[in-house]
Amino acid sequence: MKVLKKGLMYLVILFASIMVSTAVAKIQYHDFVVQATPVKRLCKTRSTITVNGQYPGPTLEVNDGDTLVISVVNRARYNVTIHWHGIRQVRTGWADGPEFITQCPIQPGGIYTYRFTIEGQEGTLWWHAHSSWLRATVYGALIIYPRQGSTYPFAEPKRETPILLGEWWNANPIDVVNEATRTGGAPNISDAYTINGQPGDLYRCSSSETIIVPIDTGETNLLRVINAALNQELFFAVASHELIVVGADASYLKPFTTSVIMLGPGQTTDVLITGDQPPGRYYMVAQPYQSAQGAPFDNTTTTAILDYISAPCPFRGTPSTPVMPTLPAFNDTATVTAFTQNLRSPDNVSVPTDIDENLFFTVGLGLFNCPPNLSSDQCQGPNGTRFASSMNNMSFVLPSTYSILQAYHQGIPGVFTTDFPAVPPVAFDYTGNVSQSLWQPVPGTKVYELEYGSNVQIVLQDTSIVSGENHPIHLHGYNFYVIAVGFGNFDPATHTKEFNLVDPPMRNTVGVPVNGWAVIRFLADNPGVWIMHCHLDVHITWGLAMAFLVKDGVGGLQSLESPPEDLPPC
Ligand SMILES: *[C@@H]1O[C@H](CO)[C@@H](O)[C@H](O)[C@H]1NC(C)=O
Ligand SMILES: *[C@@H]1O[C@H](CO)[C@@H](O)[C@H](O)[C@H]1NC(C)=O
Ligand SMILES: *[C@@H]1O[C@H](CO)[C@@H](O)[C@H](O)[C@H]1NC(C)=O
Ligand SMILES: *[C@@H]1O[C@H](CO)[C@@H](O)[C@H](O)[C@H]1NC(C)=O
Ligand SMILES: *[C@@H]1O[C@H](CO)[C@@H](O)[C@H](O)[C@H]1NC(C)=O
Ligand SMILES: *[C@@H]1O[C@H](CO)[C@@H](O)[C@H](O)[C@H]1NC(C)=O
Ligand SMILES: *[C@@H]1O[C@H](CO)[C@@H](O)[C@H](O)[C@H]1NC(C)=O
Ligand SMILES: *[C@@H]1O[C@H](CO)[C@@H](O)[C@H](O)[C@H]1NC(C)=O
Ligand SMILES: *[C@@H]1O[C@H](CO)[C@@H](O)[C@H](O)[C@H]1NC(C)=O
Ligand SMILES: [Cu+2]
C-alpha cells in the first residue's frame with residue numbers, strides 16, 4: 001500500500017511536469033512570402049525584395065523553448081534562403097539557411113519550410129536572407145522572451161522597441177553586387193542608412209516618415225538594437241540619454257552605462273533607456289564606424305526621434321528640432337575598444353579549457369592579378385586587379401551543385417575538401433608592411449573537420465593586406481566566448497596571460513579589431529556544417545569565409561537529424 005502510494009505520487013509528479021512542459025512550449029507557424037514590392041525612399045520608388053510586402057520584414061516573437069515552423073514561398077525572381085541569425089539550430093543544420101552551405105537555394109516559385117526549436121536562448125536576434133545581397137532588404141527582428149514563468153535579469157521594462165539599423169541603395173542591391181563581381185572593383189556605396197526601414201529627416205523626402213520611439217517621463221524602456229546593415233559598422237547614440245547595456249547577441253551582460261554603442265553587421269545590443277530628461281524630442285542616431293583607411297564609405301546619418309509622450313505643447317507633435325547627440329569620429333577606434341572591453345558575462349562562466357583544437361586564422365583582403373582571359377574592364381580593382389578576401393589565404397568559393405551539408409550527409413565527392421589549414425600556410429608580419437607577393441589568396445571550397453565534443457580555440461588575426469579593417473566575424477550554429485582582443489600580431493607568449501576565462505561575453509559575431517586580433521572559444525557540440533564568415537557582405541562576396549564540419553557524436557542526441565523531405569534541390 002505504502003509502495004503503491006509512493007508510486008502514485010511519482011506518477012502525479014511526472015504527469016504534472018509533463019503538463020507544465022507541454023503547456024509552456026508552443027509551436028508557431030508562419031508564412032513568409034518573398035516577393036517584389038514597390039518601396040519609396042529618398043524621393044524614388046523602386047522594386048524591392050521583401051517578406052510579405054514588409055520592409056523591414058515581420059518581427060518574430062517567441063519564448064525560449066518554442067518551436068518555429070516557417071514556410072518560405074519564393075515569389076521573387078531570385079534564388080533565396082533565410083538564415084535565423086544566432087539561433088543555435090542544435091541538430092537541425094538543415095534549417096540554418098546559408099545557400100550552398102546547408103541547403104540549395106529556394107528557386108523562384110519554390111517553397112521550403114524551416115523547422116527548429118529555440119533551446120536555452122533569450123534576447124535579441126534577427127533573421128535575414130543568406131543569398132547574394134538579398135538581405136539588404138530581406139530581414140527582420142527575432143525576439144526571444146524568457147520561458148513563461150521566468151523573467152529578465154533586470155526590472156521589467158515599460159516598453160520594448162526593436163531598432164533595426166539598415167542600409168539602403170537607390171539601385172537594386174543585386175545589380176550593385178553583380179556589377180562589382182563583373183568588374184572586380186569595389187561595389188557602389190549605399191545612399192542611406194535606415195532605422196526600422198526609414199532613413200529619417202536628415203535625408204531628402206524622408207522627414208515625414210521618420211520613426212518615432214515613444215517614452216514617458218520616469219519609465220525605463222528596452223531598445224533592442226540590431227545592426228542589419230550590409231557593409232557598415234555603426235555607432236548608435238540617443239541625445240542626452242545614457243544607455244545601460246544589458247545584453248548582446250542574445251546573451252545577457254553585466255550592465256554598464258555608456259553614451260554610445262558600436263555594432264558590426266550581425267551584432268545586436270540590448271540597452272535600457274530611462275525617461276529622465278526634460279520632456280521633449282531627442283534624436284536617436286546611427287553613423288558609420290569606418291576602420292579601413294582610404295576606402296570610400298557612405299558617410300551619412302540616419303535618425304529616429306525619441307519622443308516624450310507627456311511633453312507639453314509646444315513639444316508634442318510639433319516639428320520642433322530635436323536635440324542632436326555628438327557621435328565619435330568615423331574612425332574613432334579608441335571608443336570602439338573601450339566599449340568592447342566593457343562587455344562581460346553577468347556571472348562567472350565555464351569557458352572551455354582543455355583545448356583540443358588550437359586554430360589560428362588570418363582574416364583580410366587580397367587582390368587577384370588580372371587573369372589573361374579577362375579584359376581590363378573586368379579588373380577594376382586597385383592597379384588593374386580584382387578584389388579578393390580570405391581566411392588563412394583561402395578565398396572561399398560556394399559550391400553550386402549540392403550544399404556542403406548535403407554532400408557530406410550523402411557522401412557525394414567533389415563538392416568540398418577537408419583540408420582547410422589550421423594555421424596560415426605562411427607566417428608573416430600580419431599587420432606590418434606585407435610584401436605584395438603574399439597578397440594573392442587561393443580560391444577553394446575547404447572545410448575544417450571537428451570531432452564532436454572538442455574544445456576549440458580560434459585566434460582571428462586581421463591582416464594589413466590591402467588595408468587593415470575591423471571584420472565582424474560570425475559563426476553559425478554556435479555561441480562562443482570572446483576571451484581576448486588586442487592590436488598588432490597575436491603573440492601567445494604575452495597575450496595568453498590576458499585571456500579572460502572568468503566572465504568573458506558570449507556572442508555569435510565578434511569584431512576583430514583593425515590590425516588586431518580576437519580569441520574565441522567554444523565547445524563543438526552541434527553536429528553539422530557551419531559557415532564562419534565576415535558579416536560585411538562585400539567581404540563574404542570576395543571570399544572571407546570558411547566552414548566547420550562538426551562530426552556526429554555517439555547516439556541520436558549527438559547526431560545531425562535527417563534532412564527534411566522538402567529540402568530544395570539544386
Ligand atoms: C554605380 O555607380 C556608378 C557611378 O555613379 C554608376 O554609373 C553605376 O550605374 C552604379 N551602379 C549601379 C548598379 O547602380
Ligand atoms: C563625414 O561627415 C561628417 C559630417 O557629418 C564630417 O565631419 C566628416 O569629415 C566626414 N568624414 C569623411 C571621411 O568624409
Ligand atoms: C581620423 O581621420 C582623420 C581625417 O578625417 C585623421 O586626421 C585622423 O588622424 C584619423 N584618426 C585616426 C585615429 O585614425
Ligand atoms: C569569479 O571568479 C573570480 C576569479 O576566479 C573569483 O575571484 C570570484 O570569487 C568568482 N565569483 C563568484 C561569484 O564565484
Ligand atoms: C578564365 O579562365 C579561368 C581558368 O584560368 C576559367 O576558370 C574562367 O572561367 C575563365 N573566365 C572567362 C570569363 O572565360
Ligand atoms: C598601385 O600602384 C601604385 C604605384 O605603383 C602604388 O603606389 C600603390 O601602392 C598600388 N596600390 C595597391 C593597392 O597595390
Ligand atoms: C614596404 O615594403 C616595400 C618592399 O617590400 C618597400 O618598398 C616599402 O618602402 C615599404 N613601405 C614601408 C612604409 O615601410
Ligand atoms: C597564398 O597562396 C599563394 C599561392 O600559393 C601565394 O602566392 C601567396 O603568397 C600566399 N599568401 C599568403 C598570405 O599565404
Ligand atoms: C539558383 O540556384 C540554382 C541551384 O539551386 C543554381 O544552379 C543557379 O545558378 C542559381 N542562380 C543564381 C542566379 O545564382
Ligand atoms: Cu570583413
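No lab work stands behind these numbers, since they all come straight from the coordinates. Just so it is clear, the model here is predicted, and its values are computed rather than measured. Heads up, the Cβs are rebuilt from the backbone with ideal geometry, glycines too, and the neighbour counts pull from every protein chain shown.
Counting other beta carbons within 10 Å of each Cβ, put Tyr408, Tyr145 in order, fewest first.
Details: Tyr408 22, Tyr145 17.
So the ranking, lowest neighbour count to highest, is Tyr145, Tyr408.
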- Query: So which chymotrypsin sites (Phe, Trp or Tyr not before Pro) in segment 146-178 pass both tests, a DSSP loop state and at most 16 other Cβ atoms within 10 Å of the Cβ?
  - Reply: Phe154
- Message: Can I get the semi-axes of segment 357-558's equivalent ellipsoid? Compute them from the C-alpha gyration tensor as square roots of 5 times the eigenvalues, in angstrom, largest first.
- Response: 28, 24, 13
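Based on the alpha-carbon gyration tensor of segment 365-456, what equivalent-ellipsoid semi-axes (square roots of 5 times the eigenvalues) come out, in whole Å, largest first? Present the calculation step by step, with values, prior to reporting the outcome.
Values: eigenvalues 170, 84, 14 Å².
Semi-axes from the Cα gyration tensor: 29, 20, 8 Å.
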- Item | Relative counts (whole %) of C-alpha pair distances in the chain, using bins that are 20 Å wide | 21, 56, 21, 2, 0
- Task: Return a whole-number percent for the relative contact order of segment 208-307, with Cα pairs under 8 Å and 6 or more residues apart as the contact set.
- Result: 37
- In whole angstrom, note down how far apart the Cα centers of segment 481-558 and segment 54-91 are. 24
- Item | Relative contact order computed over segment 357-558 (Cα-Cα under 8 Å; 6+ residues apart), in percent | 27
- Message: I'd like the antiparallel share, as a percent to the nearest 5, of DSSP beta bridges with both residues in segment 350-497.
- Response: 40
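Under 8 Å for C-alpha pairs, at least 6 residues apart: give me the relative contact order for the chain, rounded to a whole percent. Provide the component values of the computation, followed by the final result.
Details: 1505 pairs, mean separation 81.4, N = 570.
Contact order relative to length: 14 percent.
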- Item | Gap separating the Cα centres of segment 342-357 and segment 408-446, nearest whole Å | 28
- Quote the FRET efficiency, to the nearest 0.05, computed for Met324 versus Ser559 with a Förster distance R0 of 41 Å and r equal to the Cβ-Cβ distance. 0.15
- Note on the structure: With x for Gly and Pro, the residue-by-residue ³J(HN,Hα) of segment 203-219, computed from phi through the Karplus equation 6.51 cos²θ - 1.76 cosθ + 1.60 at θ = phi - 60° and given in whole Hz, is 9, 4, 6, 10, 4, 6, 9, 3, 5, 10, 10, x, 8, 10, 4, x, 8
- Task: Rounded to whole Hz and in sequence order, give me ³J(HN,Hα) for segment 127-137 from the Karplus expression 6.51 cos²θ - 1.76 cosθ + 1.60, θ = phi - 60°, writing x for Gly and Pro.
- Result: 10, 7, 4, 10, 8, 6, 10, 4, 5, 3, 10
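Could you sort the peptides 551-564, 495-508, 89-102 by per-residue average Cβ neighbour count (10 Å cutoff), highest mean leading?
Ranked from most to least packed, the peptides come out as 89-102, 495-508, 551-564.
Kindly provide the Kirkwood hydrodynamic radius of segment 222-365 in Å, to one decimal, from all pairs of distinct alpha carbon atoms. Provide the component values of the computation, followed by the final result.
Details: mean 1/r = 0.0580 Å⁻¹.
Taking every pair of different Cα atoms in segment 222-365, averaging 1/r and inverting gives 17.2 Å.
Sort 110-116, 129-135, 194-200, 34-40 by the packing proxy (mean of other Cβ within 10 Å over each peptide's residues), most packed first. Don't skip to the answer; put the middle values down first.
Numbers: 110-116: 19.7, 129-135: 25.3, 194-200: 23.4, 34-40: 16.4.
Sorting 110-116, 129-135, 194-200, 34-40 by mean packing, highest first, produces 129-135, 194-200, 110-116, 34-40.
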- Query: List the aspartates and glutamates whose alpha-carbon lies under 19 Å from that of Lys44, not counting same-chain residues fewer than 8 positions away?
  - Reply: Glu167, Asp175, Asp191, Asp201, Glu209, Asp298
- Note on the structure: Using alpha carbon centers only, segment 108-138 is separated from segment 158-209 by a whole-angstrom value of 20
